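Here is the structure we will look at, set down as structure tokens.
The values are calculated or read from the model by the stated rules, or taken from the named source; none is laboratory data. Because the structure is predicted, anything quoted here is derived from the model rather than measured. Cβ placement follows ideal geometry from the backbone for every residue including glycine, while neighbour counts extend to all protein chains displayed. Just so you know, the surface numbers come from the protein's heavy atoms only, side chains and all, with ligands and any DNA or RNA stripped out. Shrake-Rupley method; radii C 1.70, N 1.55, O 1.52, S 1.80 Å.
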Amino acid sequence: MTEKQLLYELNELAEDILTPTDLLQSINYYTNQIVIDELEGIKEFSDDYVAQLIDERIKFYEQI
């Protein structure tokens, strides 16, 4: 195997392991989880109506 072939194979492997789409999905999941955790903390100190609104927002972020 030549050096050029080896570099080509390594590049293909790297693209298969972590594509930009995978990276963006990971970032979105992580960000959504942080928002959900913060909303859960706020919900503990809220009245029933606000807690219900927060629950709806949490469900929204869980579906994304």
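Tabulated data
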quantity: 17 Å tail of the calculated P(r), the chain, as % of Cα pairs; calculated: 59 percent
quantity: Packing-based order for 3-12, 29-38, using average beta carbon neighbours within 10 Å, highest first; calculated: 29-38, 3-12
quantity: Apportionment of accessible area to carbon and sulfur, the chain, percent (1.4 Å); calculated: 58 percent
quantity: The chain: calculated mean residue ellipticity at 222 nm from DSSP helix runs of at least 4, using -39500 (n - 2.57); calculated: -29000 deg cm²/dmol
quantity: Accessible area per residue in Å² at 1.4 Å probe, computed on the chain; calculated: 90 Å²
